[in-house]
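The values are calculated or read from the model by the stated rules, or taken from the named source; none is laboratory data. Quantities reported herein were computed from a predicted structural model and do not represent experimental measurements. Reconstructed Cβ throughout: ideal geometry from the backbone, glycine too, with neighbour counts over all protein chains shown. The protein model used for the area step is the full one, side chains on, heavy atoms only, and it has no ligands, DNA or RNA in it. Shrake-Rupley method; radii C 1.70, N 1.55, O 1.52, S 1.80 Å.
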Amino acid sequence: MKFFIDTANVKEIKEASEFGIVDGVTTNPSLIARENKKSDALLKEITSLVRGPVSAEVIGLDAESMVKEARSLAKISDNIVIKLPLVKDALKAVSILSAEGIKTNVTLCFSAAQALLAAKVGADYVSPFIGRIDDTGSCGMDLIADIKKIYSNYGFKTRIIVASVRNPLHVVDAAKLGADIATIPFSVIEQLVRHPLTDIGIKKFLEDHKKIPK
Ligand code: G3P
């Protein structure tokens, strides 16, 4: 299972990369806006820190502007993946971009039907937003199970990025289902490593260590 970090914050990317678990980065306009830096320069910096895929999102909503923006973003670095929101024009844009060898990540996916379409047009990645589905009272992880089943029925190569991850259980459930990738906020990466029994265990071992005759 690959871990992407869901952030545009350079400090977080550097720190998580030091743990040796960052296989890629996903950004979106909301994450980039938090950084108060020019978008292209920030993306350039991120691509220089991480060898794996770095998703950068287009703003245009018609195929022509999506393709134009995608071509320009793709010039930033060869590990840029173009994120496009799952609307009709994005499907058209994905077909054009795949033919040009530009990698795509179809985002804001909230249904199995949408994920099926993303795979049909040859998207490299699809990003179902499970936390936002949970927020509506439905089960986001059920969508991951459905997409997994559909993709395996037909051997679709589109990789599933479990997105809108809010807690460690999301990551574990995604792994149980065999999702290809989880894109995880830095705070959740930190939560993944922590367990109170580990801390209690360390404390006890250190106390006992002091009792060993020198
Ligand atoms: O990867 C998508 C993510 O950035 C959205 O997360 O928590 O805003 O739903 P959230």
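Here the range 166-209 is the region considered, the condition is being more than 16 Å from the ligand (Cβ to nearest atom) and not in a helix (DSSP H, G or I), and the residue that is farthest from N28 (Cα to Cα) is H195. The selection criterion, being more than 22 Å from I189 (Cβ to Cβ), within 13 Å of the ligand (Cβ to nearest atom) and free of Cβ contacts under 8 Å to residues at least 60 places away in the same chain, does not hold for T158.
Scanning the range 92-144 for residues that are assigned to a helix (DSSP H, G or I), open to solvent by less than 40 Å² (accessible area, probe 1.4 Å) and under 16 Å from L177 (Cβ atoms) returns A112, A115, I130, G131, I133, G140, M141, L143, I144.
When D135, D142 are checked against the criterion of being over 15 Å from the mean Cα position of the chain (by Cα) and within 11 Å of the ligand (Cβ to nearest atom), D135 stands alone in meeting it. Here is a list of conditions, (1) hydrophobic (A, V, I, L, M, F, W, C); (2) more than 16 Å from the ligand (Cβ to nearest atom); (3) within 20 Å of the chain's Cα centre (by Cα), and I212 meets all of them except one; can you say which number that is? Failed condition: (3). Beta carbons closer than 7 Å, at least 6 apart along the sequence or on distinct chains, never pair a first residue in the range 82-97 that is within 23 Å of G52 (Cβ to Cβ) with a second that is acidic (D, E) and modelled with pLDDT under 95.
A single entry from S48, S65, S17 fulfils the requirement of being more than 16 Å from the ligand (Cβ to nearest atom), open to solvent by 80 Å² or more (accessible area, probe 1.4 Å) and of a type in the set (S, T, N, Q): S48.
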